[in-house]
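Here's the structure we're looking at; comments come further down.
The values are calculated or read from the model by the stated rules, or taken from the named source; none is laboratory data. None of the values given here were measured: they were computed from a predicted structure. Here the Cβ positions follow ideal geometry from the backbone for every residue, glycine too, while neighbour counts run over all protein chains shown. Heavy atoms of the whole protein, side chains included, go into the accessibility calculation; ligands, DNA and RNA do not. Shrake-Rupley method; radii C 1.70, N 1.55, O 1.52, S 1.80 Å.
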Amino acid sequence: MPVVYKDGDANLEVLRDRTVAVIGYGNQGRAQALNLRDSGVSVIVGNIRDSYRDAIAEDGFAAAEIEDAVRQADIVMLLIPDEVQGAVYRDSIAPHLRSGKTLDFGSGYNIHFGYIIPPKDIDVVLLGPRTVGVEVRDAFVRGSGAPADVAVWQDASGAAWPTVLALAKGIGGTRIGALETTFAEETELDLFSEQAFWPVILDCMLTAYDVLISRGYSKDAVVMELFASGEPADIFRDMATHGMFDQMKNHSLTSRYGALSRRQGAAGENLRRRMETVLEQIRDGSFAREWAAENEAGCERFQGLVREAEAHPINAAHHHLRGRLASTTSAHK
Ligand code: NDP
């Protein structure tokens with residue numbers, strides 16, 4: 001059974017006298033850099049010269065070129081998008097890695113699929129928060145934390161585990177629990193939920209939208225019912241806390257009977273076959289090759305898919321309803 005590490009299993013002293021370079025200041029980079037600094041860790045931020053530089057300075061970090069940050073650091077946290085990591089690693093990181101350094105990833109993607117092959121004399125670890133960066137930061141500030149995955153790919157020093165656990169503690173991950181995994185498992189599960197689970201939720205909502213609109217229900221009422229109220233988010237949150245079916249106790253008996261009596265077989269055999277195919281394409285590397293080719297070709301297909309999604313009438317319906325509702329912020333004032 002994989003270990004769940006808590007605060008007591010990790011020692012921040014491991015990071016004393018070591019400099020951590022956070023490369024990238026986006027979703028995860030900003031959150032992890034701030035949390036580590038608040039945990040007393042010495043952090044520098046390496047970033048290309050762009051608009052993020054302002055945010056870095058405003059947060060009180062000295063921004064360095066990526067190469068300089070890697071040179072100065074004992075631990076390098078690579079927190080830039082997966083699809084650019086290979087090139088940045090080759091050009092700006094690999095030449096400055098020295099024996100004894102640690103290279104940390106937020107996702108196992110590039111190591112698992114072989115786009116990055118680190119030298120044998122460094123530690124290679126994974127610290128992957130299981131939620132978005134904003135929540136990694138907000139939870140930490142609230143005194144809580146975001147659960148995370150932790151893994152070791154290469155333990156050249158013999159101390160890779162204490163290092164990754166200290167990083168997990170520094171970002172607040174061990175306050176809730178850091179789950180031991182592998183680079184392969186983290187990568188494949190992450191891609192699976194992105195490609196096999198969320199598309200079904202999206203397609204399910206769009207199908208529901210089409211059915212209901214075609215039967216004459218108002219767009220406002222449909223969008224409110226499907227997701228704009230925030231109820232699905234509340235249900236998912238309750239699932240995480242209370243369990244998939246226990247959270248149903250918060251709902252009426254009518255709701256529970258309706259859901260349970262119509263649940264079985266709702267997704268159908270087709271869905272299982274589809275999920276198995278998606279998983280196979282992840283595991284045999286064909287998705288990774290397709291995505292690499294798409295990036296090589298300038299992401300034309302991807303942009304088309306984005307445009308197609310943005311043109312769906314549900315977006316206009318949602319904007320219309322949102323315009324008539326108070327924003328969440330003002331509603332709480
Ligand atoms: P972001 O897209 O938020 O990263 C943005 C940062 O990367 C910015 O500083 C950006 O600068 C920089 N960047 C982008 N392109 C380049 C480039 N070509 N060269 C150098 N820097 C570049 O990434 P995420 O935080 O979403 O993801 C980082 C890692 O964390 C990934 O491995 C991801 O899988 C993992 N992860 C992400 C989660 C999430 O919630 N998003 C959750 C858990 C793990 P600019 O854009 O200005 O060029």
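Miscellaneous remarks
- Full extension of the chain between Arg283 and Asp74 yields a length gain of 72.0 nm, computed as 0.36 nm times the residue separation minus the alpha carbon distance.
- Listed by chain and number, the aspartates and glutamates whose alpha-carbon sits under 18 Å from that of Lys6, ignoring those within fewer than 8 places in the same chain, are Asp149, Glu180.
- Sequence-distant lysines (8 or more away, or on other chains) whose Cα lies within less than 28 Å of Lys120: Lys101, Lys169
- Multiplying each eigenvalue of the alpha-carbon gyration tensor of region 11-80 by 5 and taking the square root yields semi-axes of 19, 13, 10 Å, largest first, rounded to whole angstroms.
- The chain, accessible surface, carbon-and-sulfur percent (1.4 angstrom probe): 54
- Rg of the Cα atoms in region 1-157, relative to 2.2 N^0.38 Å, amounts to 0.98.
- Extension gain for Ala267 to Asn295 (0.36 nm times residue separation, less C-alpha to C-alpha distance): 6.8 nm.
- Selected from Leu126, His112, Gly143, residue furthest toward positive end of dipole (region 85-191; charges at beta carbon): Gly143
- Sites listed here are trypsin sites (Lys or Arg not before Pro) in region 38-126 whose DSSP assignment is loop and whose Cβ has at most 13 other Cβ atoms within 10 Å: Arg49, Arg98, Lys120.
- Inter-part distance, region 184-198 to region 61-94, computed on C-alpha centroids, equals 25 Å.
- Note on Val84 and Asp17: the extension gain reaches 21.1 nm, defined as 0.36 nm multiplied by sequence separation minus the Cα-Cα distance.
- Axis of helix 313-324 versus longest Cα principal axis of the chain: the two differ by about 90°, to the nearest ten degrees.
- C-alpha center-to-center spacing [region 1-48, region 264-333] in angstrom: 31
- Largest-first principal axis extents, alpha carbons of the chain, Å: 66, 45, 44
- About the centre of its Cα atoms, region 161-230 shows a dipole size close to 320 debye [charges on the beta carbon of Lys, Arg (+1) and Asp, Glu (-1) only; nearest 20 debye].
- Considering helices alone, the calculated mean residue ellipticity of the chain at 222 nm is -14500 deg cm²/dmol, with DSSP H runs of length four and up weighted by -39500 (n - 2.57) and normalised per residue.
- Mean sequence separation of contacting Cα pairs (under 8 Å, at least six apart), scaled by the length of the chain, corresponds to a relative contact order of 16 percent.
- Cα centre as origin, Lys/Arg/Asp/Glu Cβ charges: the chain dipole, Debye: 940
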